[in-house]
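The values are calculated or read from the model by the stated rules, or taken from the named source; none is laboratory data. Note that this is a predicted model, so its numbers are computed, not measured. Glycine gets a Cβ as well: all are built from the backbone with ideal geometry, and neighbour counts include every protein chain shown.
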């Protein structure tokens, strides 16, 4: 197993550590673990592309790890009143929609790579979660990041749908 795939697995393994720390009320350590997990997202992709270590496992596991990391943290923050439910719902709906699109595309022999808007969206999600963990309840920065996150989430989701709209066309009989 190559280094990028090990980093992806490390990100997945850090999720329960982060959530355990958060559940114990240790916000700063939880945020530090979350930030470390987020950094592995950047590192695994960078190393895979730079060293030509892109694998089928990595193409599958990397976006799944990102989604599990972000959505589980957001659900915990939402349950504590630190992130609005509407923001978590927008993110969850977009992620399910894009994953569905990817499944249909794979069934037709197409691979949908992550676009720049999706990458920016993911980074804003990371900052939004960190703000929710570290700033006082209801802080304006968290709300501003949640709004920005939702706008980017909708934009990147629409970009995927528009860019791959041919995937939904009926197959010629």
Of the candidates 144, 73, the one satisfying the condition of being out of contact with any strand residue (DSSP E or B) (no Cβ under 8 Å at 6 or more places or on another chain), surrounded by fewer than 17 Cβ atoms within 10 Å (Cβ to Cβ) and either without any contact (Cβ under 8 Å) to a residue 12 or more places away in the chain or closer than 23 Å to residue 19 by Cα (or both) is 144
Those residues of the stretch 102-124 which are modelled with pLDDT of 95 or more and part of a loop (DSSP other than H, G, I, E, B), in sequence order = none
Verdict on residue 48 being surrounded by 15 or more Cβ atoms within 10 Å (Cβ to Cβ), over 17 Å from the mean Cα position of the chain (by Cα) and in a helix (DSSP H, G or I) | yes
Can residue 83 be described as over 11 Å from residue 153 (Cβ atoms) and outside any helix (DSSP H, G or I)?
-> yes
Evaluate the following for residue 161: is it in a helix (DSSP H, G or I), at pLDDT 95 or above and within 23 Å of residue 116 (Cα to Cα)?
-> no
Checked 99, 44 against criteria (closer than 16 Å to residue 8 by Cα, in contact with a helix residue (DSSP H, G or I) (Cβ under 9 Å, 6 or more places away or on another chain) and modelled with pLDDT under 95); the one match is 44
Kindly establish whether residue 63 is crowded, with 17+ Cβ neighbours inside 10 Å, out of contact with any helix residue (DSSP H, G or I) (no Cβ under 6 Å at 6 or more places or on another chain) and in a helix (DSSP H, G or I).
-> yes
